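S.K.: Below is the structure I would like to discuss, written out as structure tokens.
The values are calculated or read from the model by the stated rules, or taken from the named source; none is laboratory data. What you see is a predicted model; the values in this text were computed from it and never measured. When we count neighbours, we look across all protein chains shown, and the Cβ atoms used for this are built from the backbone with ideal geometry, even at glycine. The accessibility values were calculated without ligands, DNA or RNA, using every heavy atom of the protein model including side chains. Shrake-Rupley method; radii C 1.70, N 1.55, O 1.52, S 1.80 Å.
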Amino acid sequence: MRTEQSLVQEAWQALENSIIYYQGRPVGTVAAREPDLIALNYDQCFIRDFVSSALVFLIKGKSEIVRNFLEETLKLQPKERQFDCSKPGRGLMPASFKVEVRQGQECLKADFGEHAIARVAPVDSCLWWMILLRAYVKATNDTELAFREDFQEGIRLIMDLCLVARFDMYPTLLVPDGASMIDRRMGLYGHPLDIQSVFYAALRAGGELLIPNKENEYLIRALRSRLNPLIRHIRENYWLDTQRLNAIYRYKVEEYGEEALNQFNIYSDSIPFQRLTEWLPEDGGYLAGNIGPSQIDCRFFSQGNLMAIISSLSDEKQSHGILRLIEARWHHLVGDMPMKLCFPALEDIEWKTLTGCDPKNRPWSYHNGGSWPVLLWMIAAATQKMGKPELAHKAIKLAEKRLSKDEWPEYYDGKTARLVGKQARRYQTWTIAGYLLALELMENPEHLKLVCFDEYPQELTAT
């Protein structure tokens, strides 16, 4: 078996090789560098993908690339109101960008989803951008960058996009299917947990980064008034454990009025109680994948739950419960390669109806029950924060057995992740960076300050 030192050296070299340069300056990393394959869009820098690379660069004192990335992507953000529905809306961040040469001059070409599969705009890009800007300030103490007027305007536009005009009356963010890391149809329309956890972290970042002046006053008030209702809604309505299952099992339906217990009119026959009661440990639980009218999506989504711990969206008891569930159901959720993006996979008629018979998202592959090594850094951050580093050490040791040998693939297939993903790209940058970042977080928990948040103080609720 390779030594950890040689693996780290190989990973660092691969990460360095992935860097994109624009006008002589490093501005990001390509999604993947698998040789001898058509690039498709893997030669672009994706905002969500770059976050793990950026955090590694910040920890290693290579902040220039992160600053350049933040500045250049901010320039790509639309600043004017659009009346053409085919154009990206004001405040949106692109899903990705690439360097092109036009008339002998380098320029950046942004993709706001108009070239993506299913043409869905990325909701999470602007949220990850906010989280990364906060991490940059934490790592460098460069508050001057965040307080620059162009950055304050960019933050305001993102907050305005997320907080102001909407059709919804829940504190969560309403999004279409395919608007996040799971960028294909998977039944995630509405208020998916993966988005809400990142949304919450971005709101917390915005609260730290907005200068408390007259221009920002209304957004700071809107932000503060949103946070506590969002926390309560997620902790109370998304949480699933045996006690909560017993309550849902006995729900009355067709209730009306403010005193209704079954606010979402959940029909108990829609919940797989037998499977869940056997699967949930007595002292564990998790945040459900989604909730809406007559529906709870009981799938376990790893990014949403891990980011809920990291951001303190889940309370301390719930955070420990999530980790106890992962430990108790290690074979299902981790298996031979960290970690399942969601569990269980959609199969049979559910797969046909919810994914549209998507062959890439067939059961136990890609987003539909596939395993993604990039989640290793989130496992490390969540377990370190909650004082359970042994789980992350176990996950890292599993990953080290195969990642290099398998040439750092994008994802793994199969119920226990024994197969390299059927269409997985090799030398996937966020796989490489996720491994390096996990090691850094385990070696020095001080780095958690870049991504973690303390419990939100209740007294900051706006009046």
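S.K.: Do we have Leu325 as in contact with a helix residue (DSSP H, G or I) (Cβ under 7 Å, 6 or more places away or on another chain) and modelled with pLDDT of 95 or more here?
M.R.: Judged against the criteria, Leu325 is not a match.
S.K.: Next up: Could you count how many residues in segment 389-425 are in a loop (DSSP other than H, G, I, E, B) and among the acidic types (Asp, Glu)?
M.R.: Residues meeting the conditions: 3.
S.K.: Further, regarding this structure: Considering only residues that are of a type in the set (Val, Ile, Thr) and in contact with an Asp or Glu (Cβ under 8 Å, 6 or more places away or on another chain), look in segment 100-121 and name the one that is nearest to Gln44 (Cα to Cα).
M.R.: Checked segment 100-121; the qualifying residue nearest to Gln44 (Cα to Cα) is Ile117.
S.K.: Name the helices (runs of 4 or more DSSP H) wholly inside segment 1-114 in which the number of residues that are under 18 Å from Leu145 (Cβ atoms) and without any contact (Cβ under 8 Å) to a residue 60 or more places away in the chain is 1 or more.
M.R.: Output list reads 47-59, 63-76.
S.K.: Just to be sure before I move on: is Trp372 of a type in the set (Phe, Trp, Tyr), surrounded by 21 or more Cβ atoms within 10 Å (Cβ to Cβ) and under 17 Å from the mean Cα position of the chain (by Cα) in the structure I sent?
M.R.: Against the criterion (of a type in the set (Phe, Trp, Tyr), surrounded by 21 or more Cβ atoms within 10 Å (Cβ to Cβ) and under 17 Å from the mean Cα position of the chain (by Cα)), Trp372 qualifies.
S.K.: Now a separate question. Conditions: (1) surrounded by fewer than 13 Cβ atoms within 10 Å (Cβ to Cβ); (2) closer than 20 Å to Cys342 by Cβ; (3) charged (D, E, K, R). Arg184 meets all but one. Number of the miss?
M.R.: In the conditions (1) surrounded by fewer than 13 Cβ atoms within 10 Å (Cβ to Cβ); (2) closer than 20 Å to Cys342 by Cβ; (3) charged (D, E, K, R), Arg184 misses (1) alone.
S.K.: Find the residue count for segment 215-264, including only residues that are more than 26 Å from the chain's Cα centre (by Cα), surrounded by 16 or more Cβ atoms within 10 Å (Cβ to Cβ) and more than 29 Å from Phe300 (Cα to Cα).
M.R.: 1
Conditions (1) within 21 Å of Ala95 (Cβ to Cβ); (2) of a type in the set (A, V, I, L, M, F, W, C), marked per residue:
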site: His115; (1), (2): yes, no
site: Lys138; (1), (2): no, no
site: Thr143; (1), (2): no, no
site: Leu157; (1), (2): yes, yes
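S.K.: Looking only at segment 1-36, which residues are under 27 Å from the mean Cα position of the chain (by Cα) and among the hydrophobic types (A, V, I, L, M, F, W, C)?
M.R.: Leu7, Val8, Ala11, Trp12, Ala14, Leu15, Ile19, Ile20, Val27, Val30, Ala31, Ala32
Every residue, every condition in (1) open to solvent by less than 70 Å² (accessible area, probe 1.4 Å); (2) on the phi < 0 side of the Ramachandran plot; (3) not basic (Lys, Arg), yes or no:
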{"residue": "Ile396", "(1), (2), (3)": "yes, yes, yes"}
{"residue": "Arg402", "(1), (2), (3)": "yes, yes, no"}
{"residue": "Tyr412", "(1), (2), (3)": "yes, yes, yes"}
{"residue": "Thr416", "(1), (2), (3)": "yes, yes, yes"}
{"residue": "Arg426", "(1), (2), (3)": "no, yes, no"}
{"residue": "Ala438", "(1), (2), (3)": "yes, yes, yes"}
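S.K.: Sticking with this structure for a sec: May I ask you to verify whether Ala121 is part of a helix (DSSP H, G or I), in contact with a Leu (Cβ under 7 Å, 6 or more places away or on another chain) and of a type in the set (A, V, I, L, M)?
M.R.: When the stated conditions are applied, Ala121 does not pass them.
S.K.: Condition test on Lys360, is it assigned to a loop (DSSP other than H, G, I, E, B) and not acidic (Asp, Glu)?
M.R.: Numbers: assigned to a loop (DSSP other than H, G, I, E, B): yes; not acidic (Asp, Glu): yes.
In short, yes.
S.K.: Let me ask something additional. Can you find a residue in segment 393-409 that is of a type in the set (S, T, N, Q) and farther than 24 Å from Asp36 by Cβ? Talk me through it step by step, then tell me what you get.
M.R.: If we filter segment 393-409 for residues that are of a type in the set (S, T, N, Q), which is where we start, we get 404.
Filter once more, keeping what is farther than 24 Å from Asp36 by Cβ: none.
No: segment 393-409 contains no residue that is of a type in the set (S, T, N, Q) and farther than 24 Å from Asp36 by Cβ.
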